[in-house]
């Protein structure tokens, strides 16, 4: 009986682990833009522009990551200006009211332990 319970626990554990590994962690640039659309009340045109900004930033991030071979200490100096540029480009698309809301989102994200700017530049692996 004890062996049967142990086997059941192992099966449940392995099933949980295998499902967790197939769940994408990061949304695509288009999904990130759609998320901002809901949060900021963006128009479809703004959403399209922001998705393009996220896509461009994502490609630059992928290049930085490849050049640094995934070494975070080497990536950090190149990522910081990318983040700043991405935020500036997004804010240029927003109305003044949306920009205020976006600034709050960026600050809240940073307080919650995120990168502080929406994480839209990273592509799923």
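The values are calculated or read from the model by the stated rules, or taken from the named source; none is laboratory data. The shown structure was predicted, so the numbers you read here are calculated from the model rather than taken from an experiment. All Cβ positions, glycine included, derive from the backbone under ideal geometry; neighbour counts span all protein chains shown.
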Out of 20, 52, I need the residue that is in a helix (DSSP H, G or I), surrounded by fewer than 16 Cβ atoms within 10 Å (Cβ to Cβ) and modelled with pLDDT of 65 or more. Which one?
52
Of all residues in segment 55-69, count the ones that are surrounded by 14 or more Cβ atoms within 10 Å (Cβ to Cβ) and assigned to a helix (DSSP H, G or I).
9
Which one of the conditions (1) closer than 17 Å to residue 37 by Cα; (2) under 16 Å from the mean Cα position of the chain (by Cα); (3) free of Cβ contacts under 8 Å to residues at least 24 places away in the same chain does residue 65 fail to meet, given that it meets all the rest?
(1)
Where residue 42 falls short, out of the listed (1) outside any helix (DSSP H, G or I); (2) free of Cβ contacts under 8 Å to residues at least 24 places away in the same chain; (3) in contact with a helix residue (DSSP H, G or I) (Cβ under 8 Å, 6 or more places away or on another chain)
(2)
Could you tell me whether segment 35-47 includes any residue that is surrounded by 15 or more Cβ atoms within 10 Å (Cβ to Cβ) and either more than 20 Å from residue 107 (Cα to Cα) or at pLDDT below 90 (or both)?
yes
Among the residues of segment 91-125, what is the count of those that are at pLDDT 85 or above and part of a loop (DSSP other than H, G, I, E, B)?
2
Could you list, in sequence order, all residues of segment 70-85 that are surrounded by 15 or more Cβ atoms within 10 Å (Cβ to Cβ) and without any contact (Cβ under 8 Å) to a residue 12 or more places away in the chain?
75
When residue 88 is run through (1) in a loop (DSSP other than H, G, I, E, B); (2) surrounded by fewer than 12 Cβ atoms within 10 Å (Cβ to Cβ); (3) modelled with pLDDT of 90 or more, the failure sits at (1)
